[in-house]
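The values are calculated or read from the model by the stated rules, or taken from the named source; none is laboratory data. What you are looking at is a predicted structure, and each value in this text was computed from that prediction instead of being measured. Quick reminder, even Gly has a Cβ in these numbers, built from the backbone with ideal geometry, and neighbours come from all protein chains shown.
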Amino acid sequence: MTLKSKLPQLGTTIFSQMSQLAVEQQAINLSQGFPDFAASPVLISALADYSAQGLNQYAPMPGIAALGEQIAALIQRCYGRSVGAQQEVTVTSGATEALFVAISTIVSPGDEVIIFDPAYDSYAPAIQLNGGTAVHIALTAPDYRVDWQQVAAAITARTKLIIVNSPHNPTGMVFSRHDWLALQQLVLVHNLYCISDEVYEHMVFDGAPQLSANNFAELAQRSFIVSSFGKTFHVTGWKLGYCVAPATLTVEFRKIHQYVTFSSFTPAQYAIADMLKLHSGQVQGLAAFYQQKRDSFTTLLANSRFTLLPCQGTYFQLADYSAISDLDDVAFCRWLTIEHKVAAIPLSVFYQTAPQSRIIRFCFAKQHSTLQAAAEALCQL
Ligand code: PMP
Ligand code: GLN
C-alpha cells in the first residue's frame, strides 16, 4: 500500500535535524530555541505539588479557571485590555496547537493567507492541510521591516487571513506602533482575520514599548492572539500556551481544539497560574534578563568575523558569515556543527524563495558558560 502524502514536499523540521546533529556531534546547541538553564524552582515544585495532590486528570476543555483568570489579568497588566477569561481565553498544548487550531478555524479550501518570510515553519503546512494557499512576502536583511504597501498589493478577493509574528522568530524584528496600525487598517478595510503569534511578547529590548494586537481594539476584534508559557517561564517541554480571541471566534476555535487535544497538561496549568499570580515579577523581568544575554553574546562575538544583525527582541541573534565561508547556509550549519561543534539554524529554510544571503540564527537563551564556550569556537573561524 502506498499512502498519498498530504505534505509531500516536507521532511523533518530543521529544529529536529539540527538538534539531533548537535547531540550526535556533541556540539554546543545554539540551534533549536530552548533554554539550557533551569526554570524557577518555585514553578518546578508547584508542578510536583499539584501532581502529588492528585490533580492529574483531564482539565476542563478551555483550561482551568484559575489560569484563564491569570491570563486575563496578565493581558490587563501588559496591554490594558480587558478580556473575558471564560469566553475569550483558551489554554492550549503549546502555541503550536493554538496556531494549528486557529488556522484550521479560519482557513477553508481556496483561501489565501499572507505570511512573512522568513516564517515560523508551522504556518504553511497548517494552511496547506486546510486547503488554503500561503502567499509569502519576503522580508530582507538587515532590518526585515514589513512594507505595508507591498502587503496591500498582495491582497486579493481570496485573502482571508494575515499571520504576523512580533517579536519575530528568526530575525528579532519587533513591530513598531506604525506597523500595528498599518496592519489594523488593512485587516479592517479588507475584512480579514489576523493570527498574531506573540510567543516572544515579553522579550522586547532597549526600552522599546511592548506592543501586541491586544493594544489595538479593532484589530483585536478580528484576531487570534497566541502566546506560549514555554518561552515565558523557560519550560518549552511543558507545551503550554494559549489563544485569546473574541467570544464568537473562540466558540469556533474550541470546536476544533476539543478534538485536536481536548485539554492540556493539568498540573502545569495550576503551577503556571500560581506563577502568574504570585511571581509576576518574573514576567516583568524577562526583557532585561534576555537583553543582558543578547549583550553578552554580542560582546563575546565582537572579535569574530561574523557580522551581527540588529536584534530588537526574541532570544535569537542573526549572524552573517559571508566573511568566513562561501558555503550555503544549510551546508555551513552542518559544517559548523561537525567541524567546530556549534549548532545553529540556517535562515533559508524559512523562505519560499530564499535570498542569496549567508545568514544563520543563534539562540542565546543559554547559560553564560555555554555562550562563552560557543563564542570561543566561533571567534576562531
Ligand atoms: N511560534 C513561534 C514564532 C515560535 O518560535 C515557537 C517556538 N516556541 C512557537 C510558535 C511554538 O511554541 P510552543 O513551543 O509553545 O508550541
Ligand atoms: N520555536 C523553536 C525555535 O524556533 C523550536 C520549536 C520546535 O522545535 N518546533 O527554535
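Anything in region 293-317 that is more than 17 Å from Val174 (Cβ to Cβ) and touching a Pro at 6+ places or on another chain (Cβ under 9 Å)? List them, or say none.
Selection gives Thr307 alone.
Within region 172-204, count every residue that is surrounded by 18 or more Cβ atoms within 10 Å (Cβ to Cβ) and either of a type in the set (Phe, Trp, Tyr) or on the phi > 0 side of the Ramachandran plot (or both).
Of the residues in region 172-204, 5 are surrounded by 18 or more Cβ atoms within 10 Å (Cβ to Cβ) and either of a type in the set (Phe, Trp, Tyr) or on the phi > 0 side of the Ramachandran plot (or both).
Quick one: would you say Ala95 is modelled with pLDDT of 95 or more, of a type outside the set (D, E, K, R), out of contact with any Pro (no Cβ under 8 Å at 6 or more places or on another chain) and buried (at least 22 other Cβ atoms within 10 Å of the Cβ)?
yes
Restricting to region 144-171, and then to whatever is without any contact (Cβ under 8 Å) to a residue 12 or more places away in the chain and either part of a strand (DSSP E or B) or not polar (S, T, N, Q) (or both), can you tell me which residue is surrounded by the fewest Cβ atoms within 10 Å (Cβ to Cβ)?
Ala157
Just checking, does region 364-372 include any residue being of a type in the set (A, V, I, L, M, F, W, C), within 21 Å of the chain's Cα centre (by Cα) and at negative phi?
Within region 364-372, one or more residues are of a type in the set (A, V, I, L, M, F, W, C), within 21 Å of the chain's Cα centre (by Cα) and at negative phi.
For region 210-230: of the residues being within 16 Å of ligand 2 (Cβ to nearest atom) and part of a helix (DSSP H, G or I), which is surrounded by the most Cβ atoms within 10 Å (Cβ to Cβ)?
The extreme case among them is Phe229.
Can you name every residue in region 231-253 that is part of a helix (DSSP H, G or I) and within 14 Å of ligand 2 (Cβ to nearest atom)?
Lys231, Thr232, Thr236, Gly237, Trp238 - these are the residues of region 231-253 that are part of a helix (DSSP H, G or I) and within 14 Å of ligand 2 (Cβ to nearest atom).
Checking the conditions here, which among Pro60, Pro8 is over 22 Å from the mean Cα position of the chain (by Cα), away from ligand 2 (no atom under 16 Å from the Cβ), farther than 22 Å from Phe229 by Cα and assigned to a loop (DSSP other than H, G, I, E, B)?
After ruling out the rest, the residue left standing is Pro8.
Please determine whether any residue of region 195-206 is closer than 21 Å to Ala119 by Cα and without any contact (Cβ under 8 Å) to a residue 60 or more places away in the chain.
yes
Just one of Gly207, Gly241, Gly237 is surrounded by fewer than 24 Cβ atoms within 10 Å (Cβ to Cβ), modelled with pLDDT of 95 or more and under 19 Å from the mean Cα position of the chain (by Cα); which is it?
Within the list Gly207, Gly241, Gly237, the selection yields Gly237.
Might you let me know whether region 248-262 holds any residue that is crowded, with 20+ Cβ neighbours inside 10 Å and within 12 Å of ligand 1 (Cβ to nearest atom)?
no
Does region 136-166 hold any residues that are in contact with a Ser or Thr (Cβ under 7 Å, 6 or more places away or on another chain) and more than 20 Å from Pro346 (Cβ to Cβ), and which are they?
Passing the criteria: only Val164.
Among the residues that make up region 21-39, is at least one of them closer than 24 Å to Val199 by Cβ, in contact (Cβ under 8 Å) with a residue 24 or more places away in the chain, more than 16 Å from ligand 1 (Cβ to nearest atom) and out of contact with any strand residue (DSSP E or B) (no Cβ under 6 Å at 6 or more places or on another chain)?
For region 21-39, residues closer than 24 Å to Val199 by Cβ, in contact (Cβ under 8 Å) with a residue 24 or more places away in the chain, more than 16 Å from ligand 1 (Cβ to nearest atom) and out of contact with any strand residue (DSSP E or B) (no Cβ under 6 Å at 6 or more places or on another chain): present.
State all residues of region 290-310 that are buried (at least 16 other Cβ atoms within 10 Å of the Cβ) and in a helix (DSSP H, G or I); if no residue qualifies, say none.
Residues satisfying the conditions are Tyr290, Gln291, Lys293, Arg294, Phe297, Thr298, Leu300.
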